[in-house]
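One structure is given here, and the rest of the page talks about it.
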Amino acid sequence: MSRALRFSDEYYDGQMERTLAAAYVDAADFGEALAVARRIRRPNPQRWHRAWSERARTVAARADESLRSGELASARTAFLRASEYHRQSYFFLRHDLADPRLQAAYRAHVETFRSALELMSHPAETAAIPYASTQLKGYFYAPDSSGEPRPTVLLPCGYDSTAESGWSSVPAALQRGYNAFVFEGPGQGAALYEQGLVFRPDFEHVLTPTIDWLIQRSDVEADKLILIGRSFAGYLAPRAATAEHRISVLVCDPAQPDLAARLPGGWVGRFVAPITALQMRLSQDRAEFFGSRMAAHGISDVAAYIDEMRRYTMLDRASEITCPTLAIECEGDFVGGGGQSLVDAVSGPAELIRLSADSGAGGHCGGLGQRVWEAEVYGWIGRVIHRAEMTPDTARV
């Protein structure tokens, strides 16, 4: 981000931006969010948790009052806001998965979202995806109750998101006549916080049972599955698409085909682990930044975490992606820069779209410019699907 919204620390300010962007889908209120920021003033994990938790509880109470009085629209949006504020409250506590504050806030995040789900004006339902000896969580949404078969947008979670917070990407799909399916894998949401399942680089083992579950539905067009990977799913989605060829369209923002590319090699690389460990000892914020990521991988040693990151590369198999692929690069995205590498490596038709800060869609995954982002991405998806319908055997970007 080129200019701070509320906090001088870019990590906290980035999370503030994320909550403000949730206002696009009724999951935040600018006035409420800025009021919380004024209370926090100089953020640290404790102040952050306390302020957002208090606001979440207040808004949830208002939601209950609205529900009792029959004001269903007000209740629905208040439950959505409370869910987002609960999610935000535990964001800087994730290094310790057993922290009772994290666990309580996560449960409240889910519970308030489920309350909102019951009040949606369109079909919305929970899903349990068979996975190994357990189940993974998802939410399926349809634009209306007609049961008409439709193209379906698959939305895997990212590094720190949940199936509930994935709601932020749903209305854009529904408004364009698509179904939307948000789902978690190991390392995300309930799989991490409740089951202790940690990330795995071979995400195809998550996507395949997800598609198996999805295409059994009569309201899903099995030949029109659109996989959109945002944030860390910019690695997970293309990795899965190398093996799962039932995907008809792939979108990555930002594409992260090789996380190891961000790590220095040679003699410089030998200093990464000790320097990172020192930063974690000296800074509570850096300890949380790296600690939360390490926890999601089931790792407590910095050197082991860095070695783990080297496993998250899929460029050596990217040529196995044959479906039309779009990589988005938003100016200023702190994990951007891998789009061209993916576009060059896939064997199917591919395109790179760059969104500038001047367009309003700068920053991580488009930042506050979500309407700009949606117009570009869904415009491209619509053209690809239309061409495939017109010439199914020769569709090209």
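Data overview
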read-out	value
Flag for Arg317 being buried (at least 19 other Cβ atoms within 10 Å of the Cβ), in a helix (DSSP H, G or I) and touching a residue at least 24 places away in the same chain (Cβ under 8 Å)	no
Filter result (assigned to a helix (DSSP H, G or I), open to solvent by less than 40 Å² (accessible area, probe 1.4 Å) and closer than 18 Å to Cys252 by Cβ) within the stretch 125-179	Gly166, Ser169, Ala172, Ala173
Any hit, the stretch 45-52, residues being free of Cβ contacts under 8 Å to residues at least 24 places away in the same chain and over 30 Å from Ser283 (Cα atoms)	no
Scope the stretch 65-98; condition acidic (Asp, Glu) and surrounded by fewer than 16 Cβ atoms within 10 Å (Cβ to Cβ); matching residues	Glu65, Glu71, Asp96
Condition check for Phe30: crowded, with 19+ Cβ neighbours inside 10 Å, at pLDDT 95 or above and not aliphatic (A, V, I, L, M)	no
Residue list for the stretch 293-314, filter: farther than 23 Å from Pro257 by Cβ and assigned to a helix (DSSP H, G or I)	Ala295, Val302, Ala303
Selected residue (criterion: nearest to the chain's Cα centre (by Cα)) from residues of the stretch 122-147 that are within 12 Å of Phe181 (Cα to Cα) and hydroxyl-bearing (Ser, Thr, Tyr)	Tyr139
Where a residue in the stretch 365-381 is at positive phi and its partner, wherever it lies, is of a type in the set (Lys, Arg) and surrounded by 19 or more Cβ atoms within 10 Å (Cβ to Cβ), with Cβ under 7 Å and at least six apart	Cys365/Arg230
Every pair of residues 6+ apart whose Cβ atoms lie under 7 Å, when the first sits in the stretch 176-190 and is among the β-branched types (Val, Ile, Thr) and modelled with pLDDT of 95 or more while the second is assigned to a strand (DSSP E or B) and surrounded by fewer than 24 Cβ atoms within 10 Å (Cβ to Cβ)	Val182/Tyr139
Only listed residue being touching a Cys at 6+ places or on another chain (Cβ under 9 Å), open to solvent by less than 10 Å² (accessible area, probe 1.4 Å) and either part of a helix (DSSP H, G or I) or without any contact (Cβ under 8 Å) to a residue 60 or more places away in the chain (or both), chosen from Leu227, Leu236	Leu236
Any pair with Cβ under 7 angstrom, 6 or more apart, that starts in the stretch 17-42 at a residue that is under 20 Å from Met120 (Cα atoms) and ends at one that is loosely packed, with under 15 Cβ neighbours inside 10 Å and modelled with pLDDT of 95 or more	Ala23/Phe30
Residues satisfying the stated conditions in the stretch 191-224, i.e. open to solvent by 10 Å² or more (accessible area, probe 1.4 Å) and part of a helix (DSSP H, G or I)	Leu192, Tyr193, Glu204, His205, Thr208, Pro209, Asp212, Trp213
Options Ala37, Ala56; residue that is more than 23 Å from Ser169 (Cβ to Cβ), open to solvent by less than 10 Å² (accessible area, probe 1.4 Å) and out of contact with any strand residue (DSSP E or B) (no Cβ under 9 Å at 6 or more places or on another chain)	Ala37
Subset tally (residues that are in contact (Cβ under 8 Å) with a residue 24 or more places away in the chain and basic (Lys, Arg)) for the stretch 263-295	1
Selection status of Gln256, closer than 25 Å to Gly338 by Cβ, of a type in the set (S, T, N, Q) and surrounded by fewer than 18 Cβ atoms within 10 Å (Cβ to Cβ)	no
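The values are calculated or read from the model by the stated rules, or taken from the named source; none is laboratory data. Since the structure is predicted, the reported quantities are computational estimates derived from the model, not experimental observations. Note that each Cβ is placed from the backbone with ideal geometry, even for glycine, and that neighbours are counted across all protein chains shown. Quick note on the areas: whole protein, heavy atoms, side chains included, nothing else; ligands and nucleic acids left out. Shrake-Rupley method; radii C 1.70, N 1.55, O 1.52, S 1.80 Å.
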